[in-house]
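The values are calculated or read from the model by the stated rules, or taken from the named source; none is laboratory data. All values derive from a computational prediction rather than experimental measurement. Here Cβ is always computed from backbone atoms with ideal geometry, including for glycine, and neighbour counts include all displayed protein chains. What goes into the accessible areas is simple: the full protein's heavy atoms, side chains included, and nothing from ligands, DNA or RNA. Shrake-Rupley method; radii C 1.70, N 1.55, O 1.52, S 1.80 Å.
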Number of protein chains: 2
Amino acid sequence: MRTAPTSLTNLTDLIALSLQPFWCWRQAAESLRAGDPPSVVLERLLAIRKCPSADISVLRARASDAISRALEDGISALPWSDPLYPPALAAIVDPPFVLWTRGAAASLERPAVAMVGSRAASPYGLAVAERLASDLAARGIVVVSGLARGVDSAAHRGALSGGGSTIAVLGSGVDVIYPPEHRALARDIEATGLVMSELVPGTPPLKPFFPLRNRVISGLSRAIVIIEAGEKSGSLITARSALDQGRDVLAVPGNVLSGRNRGAHALLRDGAKIVEDADDILEELGMPAPAVHGSASASGDPILECLTPGEPADLDAIAERAGVAPARLLPRLFELELKGLVARAGGGRFIRS
Amino acid sequence: MRTAPTSLTNLTDLIALSLQPFWCWRQAAESLRAGDPPSVVLERLLAIRKCPSADISVLRARASDAISRALEDGISALPWSDPLYPPALAAIVDPPFVLWTRGAAASLERPAVAMVGSRAASPYGLAVAERLASDLAARGIVVVSGLARGVDSAAHRGALSGGGSTIAVLGSGVDVIYPPEHRALARDIEATGLVMSELVPGTPPLKPFFPLRNRVISGLSRAIVIIEAGEKSGSLITARSALDQGRDVLAVPGNVLSGRNRGAHALLRDGAKIVEDADDILEELGMPAPAVHGSASASGDPILECLTPGEPADLDAIAERAGVAPARLLPRLFELELKGLVARAGGGRFIRS
């Protein structure tokens, strides 16, 4: 297990902090950020009434046990203070004190995009998640999600099928794969990417951990894409935390009759960017696609050549230049208008657009 | 046929103007708006080279023939100058000189919403068009469309099934129903709404007439809803003319994998309002729905009652007020957060939102 350059004492105390109830985490993070050593933060925290006190030696022993257990099970612990800890995640108000990981740590150093959505996704939602993730992965983007049923696992699978790597952030210890049918997927993910959690190994998948886990998914990512989120979906909490963290929020539209996309559409209403394909996401990241989709082939059109950009011309003038009768010219001009290459100007004139 | 208070002479000359090529219309409209009598505008137009000249007496004879034919066929002619001419349509830069109509003229006096989209719509597009139109019609909104295959006819049918009236604007004379399989639909529309055209009766459905017809569809309407428009759809021309006319443009999202919604999604990207149901349209028109969808029932929640709006409280305080152990309180708070009724504030506190 890699722990340098953080001392083992510091690591132990950071783990002990993560064993405190989550509503103490933000306050502890503030103290650490202010430069207080983990041991001081831990002692101070235990003195505060609202964080249920526990004997500090008991906590440290539990932390040490977690480290030993991780060593045996091939799990790494990456503390906040480590230079390899992802800077984007370190920058959120309540970063995990320690990231427990299994897999290829190099995947933390690449640009990442989160993709989350319904656990009970439709075939459409699954197909979109898989395609977007595959296309992003093929372009070197790491796809982050939560290993849940539905959209999450489709995103992980898509990234793997695109030949890229993907990160699964769990709401349990990294050695407690939930749902259990995703164990094989988790192993596939570890081959080139990471399975990670801020919870000590062995932690069971309890309900309150999942909303907390969502802030890590968005915190690791430059942008977050929502696919099929109902009106009261947990994905909307992830979207809100992404916004709080200053991440771009994007959403995939869909069927308005099924009710499955009410959450995604609500985000679009509130200014989320619309995603139809991976290029839309790359563009938002400032990584424009090399190839463009469609319609640059109409140049060389003889009618278009008779129009000077910026100069409206009337039908007679264009007809004369093109050597075509006005009546035969019109259907061509309408076609060009439909293609967005020509627009109508005032007084029955046309302009190249 | 109702022609008063416009004199028959004026009507004849306005019809003669509409017999001129469309690229002369805007200029003629400007002159009429400046107060020039139709006869003067017509004479001046015929003197301009780019409007193919025709003998004025021949034009007037054709116009008179159109009036006689309309009288025989139960078609009304509503000139621009008539007080019943819809003010919204009169306000566009190039309003039709004469509206030839069949059906119930009263439908022109009610708030109208246009609904247009793909002629080759998917079952989803047709279902959305029909449902939205039905719901709008049930709320007293007149649904305007183009009687085309696909979304247009679904919108007309939906409005009729909702017990309301609908207006079909044709790209041919009102007595030339295209496509022919919509003849029965046109008759149903006339019973409570209108079939209308700016083209003299008998005009065949030629390609250039359809983009022109689109400006009338949007011109009659306070808002326009796009359903399933591909990337180069004619519906986008209607949307552009609607924007030029200062109308609200709204779009229905859908499947991003089929390519059928690229146009609608492009409009959403450009700021069109997203439509999931009729309430979204009514809201845009400033006609909010009386009933609200969902989730106003959570008031009276005992946990929520322990939170004073605007005052963050920590877990212990809420637990004390509610008489519940903090550990048992958390899952409830997460549920309330998911419902958007509670938000997390700094320092592990919660706030009623």
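Among complete DSSP H helices in chain A, those whose alpha-carbon atoms stretch at least 20 Å along the helix's long axis and whose mean Kyte-Doolittle hydropathy reaches 0.5 are A:123-138. Residues of the stretch A:20-69 buried by at least 20 Å² of accessible area upon assembly of all protein chains, compared with the chain on its own (1.4 Å probe): A:Phe22, A:Trp23, A:Arg26, A:Arg49, A:Lys50. Based on the alpha-carbon gyration tensor of the stretch A:130-252 and its eigenvalue square roots a ≥ b ≥ c, which shape applies: rounded if a/c is under 1.5, prolate if not and a/b is larger than b/c, or oblate? Because a/c hits 1.5 or more and a/b fails to exceed b/c, the stretch A:130-252 counts as oblate. Suppose we keep just the DSSP beta bridges with both residues in the protein assembly as shown; what percent of those would be antiparallel, to 5? Given both bridge residues lie in the protein assembly as shown, the antiparallel proportion sits at roughly 40 percent. Once the Cβ-Cβ distance of B:Leu84 and B:Lys232 is raised to the sixth power relative to R0 = 41 Å, the FRET efficiency obtained is 0.65. Divided by 2.2 N^0.38 Å, where N counts the residues, the Cα radius of gyration of the protein assembly as shown comes to 1.22.
Using the Cβ of B:Ile56 as centre and a radius below 14 Å, the other residues enclosed give a net charge of 0, where K and R count +1 and D and E count -1.
Rolling a 1.4 Å probe over the heavy atoms of the protein chains gives the protein assembly as shown an accessible area of 40 Å² per residue. Taking the DSSP beta bridges with both ends in the stretch A:100-206, the antiparallel portion is around 30 percent. Across the accessible surface of the protein assembly as shown, with the other protein chains kept in place and a 1.4 Å probe, carbon and sulfur atoms take up 53 percent.
Taking the three principal axes of the alpha carbon atoms in the stretch A:201-353, the coordinate ranges are 81, 34, 21 Å, sorted in descending order. Across peptide A:319-328, the mean count of Cβ atoms from other chains lying within 10 Å of each residue's own Cβ comes to 1. Estimate for me the total accessible surface buried between chains A and B (protein heavy atoms, probe 1.4 Å, no ligands or nucleic acids), in Å² to the nearest 100. Adding both sides of the contact gives about 4800 Å². Within the set of other residues whose C-beta is less than 15 Å from the C-beta of B:Pro302, count the net charge using Lys and Arg as +1 and Asp and Glu as -1. Residues close to B:Pro302 contribute a combined charge of +1. Close amide H contacts of A:Val342 (hydrogens built in the peptide plane, cut-off under 5 Å, sequence separation of 5 or more or a different chain): A:Glu337, A:Ser353. Placing one equal scatterer on every Cα of chain A and applying the Debye formula, the log10 ratio I(q)/I(0) at q = 0.07, 0.15, 0.16 Å⁻¹ is -0.40, -1.17, -1.27.
Each Lys and Arg Cβ is given +1 and each Asp and Glu Cβ -1; about its Cα centre, the stretch B:219-273 then shows a dipole of about 20 debye.
Computing FRET efficiency as 1/(1 + (r/R0)^6) for B:Arg187 and B:Asp36, where r is the C-beta to C-beta distance and R0 is 35 Å, gives about 0.35. Note on B:255-262: average number of Cβ atoms from other chains within 10 Å of each residue's Cβ is 5.
Taken as Cα centroids, the stretch B:232-246 and the stretch B:94-148 sit 15 Å apart, rounded to the nearest whole angstrom. Looking at the stretch A:188-241, what % of the alpha carbon pairs are farther apart than 13 Å? Counting pairs separated by more than 13 Å, the tail of P(r) holds 66 percent.
Rounded to the nearest 500, what is the 222 nm mean residue ellipticity of chain A from helices alone, with -39500 (n - 2.57) per DSSP H run of 4+ residues and division by all residues?
-12500 deg cm²/dmol
Would any residue of the stretch B:161-192 have its amide N under 12 Å from a label point 7 Å out along Cα→Cβ of B:Ala106? List them or say none. Backbone N within reach: B:165, B:192.
Rolled with a 1.4 Å probe across the full set of protein chains, the surface gives A:Val342 an accessible area near 0 Å².
Please give, to one decimal in nm, the separation of the simple spin-label points placed at A:Asp55 and B:Ser68, each 7 Å out from Cα toward the Cβ. Result: 11.3 nm between the two label points.
Compute the signed sum of charges (Lys and Arg +1, Asp and Glu -1) over the other residues within less than 10 Å, Cβ to Cβ, of A:Asp280. Residues near A:Asp280 contribute -3 overall.
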